[in-house]
1. Given H placed 1.01 Å from N in the peptide plane, which residues other than close sequence neighbours of Glu7 have an amide H under 5 Å from its amide H?
2. May I ask you to sort Leu171, Leu141 by Cβ crowding, counting other Cβ atoms within 10 Å and putting the fewest first?
3. If we count other beta carbons within 10 Å of each Cβ, what is the order of Thr83, Thr14, fewest first?
4. Which of the pairs Lys10/Lys89; Lys37/Lys89; Lys36/Lys89 have their Cα atoms more than 30 Å apart in this structure?
Amino acid sequence: MSIFCDECGKNIATVFLVKLAGSEISRLQLCEECSKKMEEATEAASLIALVPQIISGMQSAVDGNLQEEVFSGEPRVCEECGTSLNDFKKLGYLGCSSCYKAFGDALENSILEFHGSNKHTGKTPTKLSREARLRLKIAELERNLRKRIAEEEYEAAAAVRDEIRQIESILNSEGSESEKE
């Protein structure tokens with residue numbers, strides 16, 4: 001195995017890449033210079049690949065503030081911590097509690113999309129009874145049902161409704177069995 005860069009063949013390789021694709025293994029040895037060039041090329045290709053998504057996002061944006069922000073070239077920034085809305089979109093978290101006020105309207109859609117709700121419900125304890133788990137599932141399904149109805153997805157709503165009824169019947173049958181004992 002050579003210690004020279006596979007790209008330029010002149011410099012000593014300091015970056016070693018191994019790619020596993022199924023049962024196929026490919027190796028690449030690069031010097032620092034060629035590694036930086038490849039990284040820049042990869043970043044540029046990634047940005048070019050995002051252009052169609054950015055354009056479709058601008059076209060389908062319902063929120064007028066988002067369109068204004070994109071076209072004005074002045075991204076909104078939290079006055080407390082300096083976090084921008086773009087930072088939130090890239091990193092997935094906010095800088096401080098004031099960010100919720102600064103980006104409120106734009107965050108609402110992101111939070112609803114990611115969590116399915118804009119109300120904090122906390123985590124479910126790992127040692128929860130079967131009945132409690134089923135009741136939590138029903139609450140989740142009811143939120144989903146309301147969403148489906150609001151989006152006029154009536155067939156999907158009917159399926160969710162049926163699932164709720166099925167779980168409720170399980171709860172009722174388990175409840176009547178425990179009353180007999």
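1. It is Cys31, by chain and number.
2. Numbers: Leu171 15, Leu141 18.
By the 10 Å Cβ count, ascending, the order reads Leu171, Leu141.
3. By the 10 Å Cβ count, ascending, the order reads Thr14, Thr83.
4. Going by Cα-Cα distance, Lys10/Lys89 fall outside the 30 Å limit.
Any read-out appearing in this document is the output of simple, stated calculations on the displayed coordinates, not a laboratory observation. In this text, all values refer to a predicted model and were calculated from it rather than measured experimentally. For neighbour counting, all protein chains shown are included, and Cβ atoms are generated from backbone atoms with ideal geometry for every residue, glycine included.
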